[in-house]
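Input: a single structure, listed below in structure tokens.
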Amino acid sequence: MHVPFFLFVFNLCLHRHDYTAMSGYSGAHLTLVDTTVTNNTATGSGGGIALSSSAKLTVTRGEITKNKASQGGGLHADSSTIVTIDACSISENQADFGGGVSVAGAYTVVALNNVPILSNSATVASGGGLWVASGEVTLTSSVVAFNSANGPSFNDITFDVLGASSTCETRGGCIYSSNYPR
């Protein structure tokens, strides 16, 4: 019998780690409420948070800011993970690609509601704010703006953005999807 790992964090500041601040894998369930993940650095994926292997993450109110990694400076999700973020800013993160958020995994589902993705950067490739290689991402009442990328410029939005009140600025540095066009 497999019993998944559950972690609930309230009012915590994860600050200045020289590795991923928080990672979940193999069915782990992580819940963060009123939490700040800041100033962390990972040599691999997910400077702030890294998820894989069917992990689940729920974030309610907080900040994911000023983290660095090679992929997904603020958050990296892959391998069938499920991510739900509500009212949490993702800002000033940096990565080679996917400065704010990177999503790279079949059956990975990411739902962002009322999430400002601001001032993140992809220093080598695409997706300053959001980089999607595979998986499903839904933005609702969210803003993706003032992000930068050194990779190729595609369209203003190169991912299917859902949610009538979601907006995107910054040509090419905003959202990148390797699945576009369908």
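Structure notes:
- Breaking point among (1) more than 24 Å from Ala149 (Cα to Cα); (2) part of a loop (DSSP other than H, G, I, E, B), for Thr58: (2)
- When the range 106-138 is limited to residues that are closer than 23 Å to Ser26 by Cα, small (Gly, Ala, Ser) and surrounded by fewer than 21 Cβ atoms within 10 Å (Cβ to Cβ), the one that is modelled with the highest pLDDT turns out to be Ala111.
- Restricting Thr20, Thr43, Thr35 to residues that are more than 20 Å from Val137 (Cβ to Cβ), assigned to a strand (DSSP E or B), modelled with pLDDT under 90 and not aliphatic (A, V, I, L, M) narrows the list to Thr35.
The values are calculated or read from the model by the stated rules, or taken from the named source; none is laboratory data. On a predicted model such as this, the values are computed, not experimentally measured, just so you know. All Cβ positions, glycine included, derive from the backbone under ideal geometry; neighbour counts span all protein chains shown.
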